[in-house]
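*Asks:* Quick one: the structure is below, questions incoming.
Coordinate-derived values only; no laboratory data. Please read these numbers as outputs of a predicted model, since none were measured by experiment. Cβ atoms come from the backbone with ideal geometry, glycine included; neighbour counts cover every protein chain shown.
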Amino acid sequence: MLAVSGLKAGYGAVDVLHDVDISVGAGEFVCVIGANTAGKSTLLRTVSGLVAARGSIRFDGTELVGRPAHEIPALGIAHVPEGRHVFPEMTVEENVMLGAYSVRSSRDLAERREAVLTMFPRLRERIGQLAGTLSGGEQQMVAIGRALMLKPRLLLLDEPSHGLAPKIVDELHDTFLAVSRTGTAILLVEQNTTLALSVASRGYVLESGRVVLSGTSAELSGNDAVRSAYLGL
């Protein structure tokens, strides 16, 4: 579904990504792990059209490099950015419904809303509350719920566990698996390597903007370099 090849991208004259090759199949759950400054967030931002790139990013055969960012969601790609970025002065309801701005059918809209609130019962309880008054974990639920309203074929998740309590991280673990079971492909960027490798079927290790390792989650979990650098073992 997603095929990234020879990707170079960065900010100004400085490249952050260097000849990156990754792929995500239809319905597949893939993670990208690595330290800070490895280029993980830049990779997702490039797929979403937020960072200029050279090389190729093909989504179901459609070339994304050079395509404006506002056209990407309509292709079926939703992006949950690092830091959540909810609209604090808007209610939970308003934040979630923003994700369905392109939906024209009121029946379809109601079905998507109900699916999101079923997945996140806590949001149903806080549906009229201002998003800025929610906890960090609840705001992350809003951000993910907003993305799911698009009914994406590919969901990009950028450091979703960052700054959250262990209990909330466990809840996110279950949520990601539930989303994956619906057939939605997921590309997860995470510093929490334990979480990433426990939910994804395979992954890539990014170092200084280059892919240095790839394999199944079991293979990466058993790799001595990964265990030492990212798992603390």
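*Asks:* Restricting to the range 202-230, count the residues that are at negative phi, surrounded by fewer than 21 Cβ atoms within 10 Å (Cβ to Cβ) and assigned to a strand (DSSP E or B).
*Replies:* Of the residues in that region, 7 qualify.
*Asks:* Is it true that Pro152 is within 12 Å of Val80 (Cβ to Cβ), in contact (Cβ under 8 Å) with a residue 60 or more places away in the chain and touching a helix residue (DSSP H, G or I) at 6+ places or on another chain (Cβ under 7 Å)?
*Replies:* Judged against the criteria, Pro152 is not a match.
*Asks:* I would also like to ask the following. With the range 10-125 as the region, which strands (runs of 3 or more DSSP E) entirely inside it contain at least 3 residues that are surrounded by 14 or more Cβ atoms within 10 Å (Cβ to Cβ) and more than 16 Å from the chain's Cα centre (by Cα)?
*Replies:* Output list reads 14-24, 53-59.
*Asks:* Residues of the range 160-183 being surrounded by fewer than 22 Cβ atoms within 10 Å (Cβ to Cβ), touching a residue at least 40 places away in the same chain (Cβ under 8 Å) and outside any helix (DSSP H, G or I), which ones?
*Replies:* Residues satisfying the conditions are His162, Gly183.
*Asks:* Does at least one position in the range 143-160 carry a residue that is touching an Asp or Glu at 6+ places or on another chain (Cβ under 7 Å) and among the small types (Gly, Ala, Ser)?
*Replies:* Checked the range 143-160: no residue is touching an Asp or Glu at 6+ places or on another chain (Cβ under 7 Å) and among the small types (Gly, Ala, Ser).
*Asks:* If you don't mind, another one. For the range 130-147, which residues satisfy the criterion of being assigned to a helix (DSSP H, G or I) and among the hydroxyl-bearing types (Ser, Thr, Tyr)?
*Replies:* Thr133
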